[in-house]
1. Along the Cα-to-C-beta direction of residue 162, a point sits 7 Å from the Cα; which residues of segment 117-136 have their amide N less than 15 Å from that point?
2. For residue 53 and residue 66, calculate 0.36 nm times their separation in residues minus their Cα-Cα distance, and state this gained length in nm to one decimal.
3. Taking the alpha-carbon centroid of each part, what is the distance from segment 196-224 to segment 228-307 in angstrom?
4. Between residue 195 and residue 220, take the C-beta separation as r, use R0 = 45 Å, and let me know the FRET efficiency to the nearest 0.05.
5. Can you compute the helix-only [θ] at 222 nm over the chain? Use -39500 (n - 2.57) per DSSP H run of at least 4 residues, normalise by all residues, nearest 500 deg cm²/dmol.
6. For segment 29-189, what relative contact order do you get, as a whole percent, if you take Cα pairs closer than 8 Å and at least 6 residues apart?
7. Given labels modelled 7 Å from the Cα in the Cβ direction, how far is it in nm from residue 307 to residue 143?
8. Which one, (i) 160; (ii) 129; (iii) 120, gives volume of the Cα convex hull per residue in Å³ as derived from the coordinates shown?
């Protein structure tokens, strides 16, 4: 009897250990982030469905308001706008720019929109929403290897691709009016996504204004409102945040800064609540607009621009 009891205890211990290293069917053994900090976001894997066959409209066909927010991508000579009200329901668009694969990602909980080159080691990766979160941020997964990828870390945290990095493509989180003014030839993602969603409804009402966050994060800092929008910049592995409340203090159309020995020009547009950073040759540097709490959770060592 004693031997049977010992065997059962050992069996259940092994089962618990296996379950602790598996969530929503993803193998987390050897993950580069603490497994206990990987949270269940609620929906199952692909419960938030990615858009894998996006359709686009011309400017003349678009039916959204000038002040509606979009995530804009200009790549390989093509401009496309992805309305935030669509991204709120899908979070991932697997797309192509002149035949080159690009994945457009958006995490409503972190306010973070990032586009990545989806060709890794010469092979296209298609991404889905895992239903898991790390530091309140979406964990993507690629369908080819089922590896998990952290959006704001820009790298795979588990699976066959663990440790591989994603290459960012410059994006603009701005208004539709501002984007089409700068890119009159732009295309815009159609609401004909193949899914029955009411895109006029915000599934996160009041969230961007509230100081509350839905999921625990590793690090917090109260220097700014948790949902203060910041531009997050990375150069040579070092990070800096440019809070909008600081940028708004300037009366100049461009603000000069130096970070990691690089001269930078920050262009902040208060009307569209958007910003971009250029190097001293005028090239746009890929950055990420996101909430202060999210940027700090991932990069607590970050420098902060103060006017």
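1. none
2. Values: separation 13, 0.36 × 13 = 4.68 nm, distance 2.56 nm.
Working it through step by step, the gained length comes to 2.1 nm.
3. 21
4. Working: r = 35 Å, r/R0 = 0.77.
In this case the efficiency is close to 0.85.
5. Details: 5 runs with 44 residues, N = 307.
Result for the chain, helices only: -4000 deg cm²/dmol.
6. Values: 355 pairs, mean separation 50.2, N = 161.
Once normalised by length, the contact order is 31 percent.
7. 4.6
8. Here the calculated entry is (i).
Readers should treat all values here as calculations from the given coordinates under stated rules, not as data from a laboratory. What you are looking at is a predicted structure, and each value in this text was computed from that prediction instead of being measured. Don't worry about glycine lacking a Cβ; one is built from the backbone with ideal geometry, like all the others, and counts go over all protein chains shown.
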